[in-house]
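Scroll down for the structure; my scribbles are underneath it.
Just so you know, all these numbers are worked out from the coordinates, no wet-lab data involved. Keep in mind that what you see is a predicted model, and the values were worked out from it rather than measured. Positions of Cβ are generated from backbone atoms using ideal geometry, with glycine treated the same way; all protein chains shown enter the neighbour counts.
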Amino acid sequence: MVTAFSLSKGLTTLSGLLLLSFGSLAASQIEDQAEQFFRSGHTNNWAVLVCTSRFWFNYRHVANTLSVYRSVKRLGIPDSHIVLMLADDMACNPRNPKPATVFSHKNMELNVYGDDVEVDYRSYEVTVENFLRVLTGRIPPSTPRSKRLLSDDRSNILIYMTGLFPSSKHLLKLLPLFIDVFSVHFAYLIIPDLFSLRHGGNGFLKFQDSEEITNIELADAFEQMWQKRRYNELLFIIDTCQGASMYERFYSPNIMALASSQVGEDSLSHQPDPAIGVHLMDRYTFYVLEFLEEINPASQTNMNDLFQVCPRSLCVSTPGHRTDLFQRDPKNVLITDFFGSVRKVEITTETISLQPDLEIMESRDKKDWMDEELMEPLKYAEQLPVAQIIHQKPKLKDWHPPGGFILGLWALIIMVFFKTYGIKHMKFIF
């Protein structure tokens, strides 16, 4: 009897211990899942959009950048997370027949400039130095937040670049046409390929037609960003001639790169407009934006689809991409991971109780109390010594002749002269 009682008691105790261990195991698994959820993936999105070329005939580069700006804003990235750099203001250019507008389509239906564009770097602020400082975060303390890339190790960053570098062979073809303005206008519309100026070289991109950034400098800047934990994943897109040469030297992890042309190829323009006499966009960016117009924040379209948007039959050049540095399979990477700002959310019906760390809380309270003890009472600084101002002697003013005094004095001298000598003696003086 006693043996049976003790056996049942032992079984009850054992079952209780098993239930307790299973409960604690389940709770720890839930906490691990929650911790893993917040540690995986990205939590914020940033975009750095750069147009590096000036002058009216590079209208399309500004339209390219503003069109990408419009698309990422539509998909959820706010202006506070976009750094927009435009080397020229086409909207206010005197040649613009429709001031305060920039159009990306020849029917003039879509004004990509709009009334809510926030340009962070404009005109001569768009330099290689400022661009690299934005990426690496090495900027002066006085720089406003709107000009900073405040990313972290949970940030997915989109970097889009387009610019211009005129090659000598294109300029030689164009030189006779610049003799006559009407010839330029006519030749631009009849022979548009002559005006498709090369805007990139093998391993460099022109800034402001005065300096250039090399693929080595860009690769080193991305490495600094990785070492300083300034990004989680990075998508680099460049629309320029020989664009693939710009990502050949990349060596930092979690970088995916796309270019509009291979080494030795030109990236051509698209949609000539007779009203303003220039092309409105580049071919590669035009078809990329046409693809992005079909994307919404809930879209499941992946990066493999983006690789196919502009085949050689449409772009004339051969777009390229590089994914060997990227850890994830491109087919598992959503377009909105870079072009949108979709927060990762998981809904659960279970209650998760997280136990606070009492030691950390006690040390924090103690530190706050010590800071309060050491803090000196605030005092108002006497900025204006009123007593001294009231009792000081008034400062003597410098004497100046009254207005018209000098003129009157000269008039008196002339009158005395004429009264004394008269006109007949003038010839002896002069």
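Miscellaneous remarks
- The H on the amide N of V83, modeled in the peptide plane, is under 5 Å from the matching H of A47, V48, L49, each at least 5 residues off or on a different chain.
- Backbone geometry of region 85-97 corresponds, through the Karplus equation with coefficients 6.51, -1.76 and 1.60 at θ = phi - 60°, to 3J(HN,Hα) couplings of 10, 10, 6, 8, 9, 5, 5, 10, 5, x, 7, 6, x Hz, x marking Gly and Pro.
- Annotation: amide H-H contacts under 5 Å for I77 (H modelled 1.01 Å from N, sequence separation of 5 or more, or interchain): S341.
- Members of K106/K206; K73/K228; K147/K331 lying beyond 29 Å, as alpha-carbon distances in this model show: K147/K331
- For S317, nonlocal amide neighbours, meaning residues 5 or more places apart or on other chains whose placed amide H falls under 5 Å from its own, are L268.
- Multiplying the residue separation of R364 and S210 by 0.36 nm and subtracting their alpha-carbon distance yields 50.1 nm.
- On the beta carbon distance between E217 and V416, with R0 = 60 Å, the FRET formula returns roughly 0.15.
- All C-alpha pair distances within region 109-162, sorted into 5 Å bins from zero, spread as 4, 14, 23, 25, 17, 10, 5, 1, 0 percent across the bins.
- Under the simplified labelling scheme, the A275-R154 pair shows an inter-label distance of 4.7 nm, with each label point 7 Å from Cα along Cα→Cβ.
- Two-site FRET efficiency, T101 against Q327, from Cβ-Cβ distance with R₀ of 35 Å, rounded to 0.05: 0.25
- Loop chymotrypsin sites (Phe, Trp or Tyr not before Pro), region 230-298 (other Cβ atoms within 10 Å of the site Cβ: 11 or fewer; DSSP): Y251
- Evaluating 6.51 cos²θ - 1.76 cosθ + 1.60 at θ = phi - 60° for every residue in region 251-263, the Karplus couplings come out as 9, 8, x, 6, 10, 10, 10, 10, 9, 7, 7, 8, 4 Hz, glycine and proline recorded as x.
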